[in-house]
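The values are calculated or read from the model by the stated rules, or taken from the named source; none is laboratory data. Since this is a predicted model, take the numbers as computed values, not measurements. Positions of Cβ are backbone-derived with ideal geometry, glycine not excepted, and every protein chain shown enters the neighbour counts.
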Amino acid sequence: MSDQEKGGRWGMLGHACLALSVLVLLMMGPLWERLGVGALILWCLLAGAGVYFLFSGSADDPKGPPD
């Protein structure tokens, strides 16, 4: 599979956002002490952006769904 078939740049950006959201989730205790509810909002934004970029990258797939 080429890079284009896997989602290209949008897929890579989606995976990066999801990886950052996992790191934020693992460090939620110290982040919560410093940011409060902002840590939860940051995690939600990163996870949501990651899922959005993953699905928007797959929408550009020229093959479309299988028949």
I'm trying to understand the selection: among the residues of segment 1-22, which are surrounded by fewer than 13 Cβ atoms within 10 Å (Cβ to Cβ) and modelled with pLDDT of 95 or more? 19
So residue 46 ticks every box in (1) surrounded by 15 or more Cβ atoms within 10 Å (Cβ to Cβ); (2) at pLDDT below 90 but one. Which box is left unticked? (2)
